[in-house]
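Okay, so here's the structure we're looking at.
The values are calculated or read from the model by the stated rules, or taken from the named source; none is laboratory data. Since this is a predicted model, take the numbers as computed values, not measurements. When we count neighbours, we look across all protein chains shown, and the Cβ atoms used for this are built from the backbone with ideal geometry, even at glycine.
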Amino acid sequence: HRERVRSVLEASPLIPVITINHPDQALSLCQALVDGGIRVLEITLRTPHGIKAIEQVRKAIPEVWVGAGTVTSIAQYRQAEAAGAQFVITPGVTEAILEFGVTSEAPLLPGIATVSELMVGYNLGYREFKFFPAEVAGGIPALKAFSGPFPDVTFCPTGGIRRNTAKDYLALENVRAVGGTWLTPDDAVASGDWDQIAETVRGSLLDL
Ligand code: 3PG
């Protein structure tokens, strides 16, 4: 279970946080990200199209990890699993979601912003967390501070990370991957400029 979360975080240093505004774009957008070199896709449930997109992308692009993001309830967690999500990411934690994630089919990468939240998850066996919102919750200095009391915990920071700061986060020993929306610029998505998306990914990977 935890093994799978580690595999996901090790598969791709960059994880795009994807919002599907138009269902007919889901596949082309995800394919462009994969063409650029992405191996892990976080499809959020911020729009009602997320679930369907997870189902579709899982079938069409089986060679990458596909997970559900912005999961905030157990009902959504179940829907994501039913759609074939291979992992689930939450922006924050409730005890109920943390407990559900321990035995769920799709493993959970819980979002935390403080040491206290981390400790609740840690005591349930979690060793990998999303750190969100990374930039406003302390950024790199906070992650360095976490490594003192929790040397065995690794993070995927997201929230405010951009192409020019991703590298600094990834240089930390307790960071495996970083996530964000900069890989899917609104204008490129709106105009269906898939080449630009693939280029953004290639450039961002080269910058690391
Ligand atoms: C997330 O849920 O991880 C964030 O929305 C990503 O934040 P960003 O838009 O600042 O990259």
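Every condition in (1) acidic (Asp, Glu); (2) within 12 Å of the ligand (Cβ to nearest atom); (3) under 20 Å from SER7 (Cα atoms) is met by ASP152 except one, and the failing one is (2). Collect the residues in region 71-91 that are crowded, with 20+ Cβ neighbours inside 10 Å and touching a helix residue (DSSP H, G or I) at 6+ places or on another chain (Cβ under 8 Å), keeping them in residue-number order. Within region 71-91, VAL71, TYR77, ALA80, ALA83, ALA85, GLN86, PHE87, VAL88, THR90 meet the criteria. Pairs linking a residue in region 2-30 that is under 16 Å from GLU55 (Cβ atoms) to a residue that is among the charged types (D, E, K, R) and away from the ligand (no atom under 16 Å from the Cβ), with Cβ atoms under 9 Å and 6 or more positions apart or on different chains, are ILE20/LYS52; PRO23/LYS52; ALA26/LYS52. Of the residues making up region 21-43, not one is within 14 Å of the ligand (Cβ to nearest atom) and either in a loop (DSSP other than H, G, I, E, B) or in contact with a His (Cβ under 8 Å, 6 or more places away or on another chain) (or both).
Candidates LEU27, LEU41: the one that is under 15 Å from VAL8 (Cβ atoms) and either touching a Leu at 6+ places or on another chain (Cβ under 9 Å) or at pLDDT 95 or above (or both) is LEU41. Just one of the numbered conditions (1) in contact with a strand residue (DSSP E or B) (Cβ under 6 Å, 6 or more places away or on another chain); (2) in a helix (DSSP H, G or I) is not true of ALA68: (2).
Per the conditions (1) over 17 Å from the mean Cα position of the chain (by Cα); (2) free of Cβ contacts under 8 Å to residues at least 40 places away in the same chain, the sole criterion not satisfied by ASP35 is (2). The number of residues in region 125-142 being closer than 25 Å to HIS1 by Cβ and either touching a Phe, Trp or Tyr at 6+ places or on another chain (Cβ under 6 Å) or away from the ligand (no atom under 16 Å from the Cβ) (or both) comes to 5.
If only residues of region 89-109 that are without any contact (Cβ under 8 Å) to a residue 40 or more places away in the chain and within 16 Å of the ligand (Cβ to nearest atom) are counted, the one that is nearest to GLY180 (Cα to Cα) is VAL93.
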